[in-house]
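Here the structure comes first, spelled out in structure tokens, and everything after it is commentary.
The values are calculated or read from the model by the stated rules, or taken from the named source; none is laboratory data. None of these values were measured; they are calculated from a predicted model. FYI the Cβ positions are ideal-geometry reconstructions off the backbone, even for glycines, and counts take in every protein chain you see.
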Amino acid sequence: MKIRRSGTGTRSTKSQVPVSAKRPVNKLKTGAKNAKYPDIRRDLERQRAAILNDVGEVLTHRDDLAAFPDVSDQASAEVDQNFSMRIRERERKLLKKIDEALERMDAATYGICERCGEDIPYKRLKARPVTTLCIECKTIQEQEEQARG
Ligand SMILES: [Zn+2]
């Protein structure tokens with residue numbers, strides 16, 4: 001004898017589907033990483049503007065010198081020129097570093113040590129925003145450079 005179950009009482013328990021299971025909606029974090037160091041970005045941009053301003057002043061200063069006909073001492077004029085060229089060279093390098101730092105910010109790789117891949121502490125970034133190395137790696141690098149002579 002077979003016991004047949006009639007399908008009459010098939011109660012659906014589907015009402016128990018957890019509707020309220022709130023999962024945090026994954027907000028699109030587009031650009032969120034870029035805003036990781038907003039104040040340092042501001043510092044970099046300010047420094048960049050200051051350098052561009054300085055370079056302009058150096059150039060203006062040179063024009064002033066050239067306007068003085070009694071600067072007959074060619075040697076000292078050359079020293080002046082070398083000096084301003086050195087300044088410009090140094091500032092050009094720094095400017096490049098700043099640009100690179102800003103690029104790293106855009107690429108969300110800013111603040112990561114190039115050498116060991118660790119996060120560079122905020123304090124160090126704040127003090128030296130263009131750095132690409134953590135203090136440990138920077139120390140090692142300097143020791144290597146000294147050893148090389
Ligand atoms: Zn490192």
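Could you please let me know if residue 138 is within 16 Å of the ligand (Cβ to nearest atom), of a type in the set (D, E, K, R), modelled with pLDDT of 95 or more and assigned to a helix (DSSP H, G or I)? In short, yes. Take the stretch 59-99 and flag every residue that is at pLDDT below 65, of a type in the set (Asp, Glu) and farther than 30 Å from residue 44 by Cβ. Within the stretch 59-99, 64, 70 qualify. The residues in the stretch 105-135 that are in contact (Cβ under 8 Å) with a residue 24 or more places away in the chain and in a helix (DSSP H, G or I) can be counted, and the count is 5.
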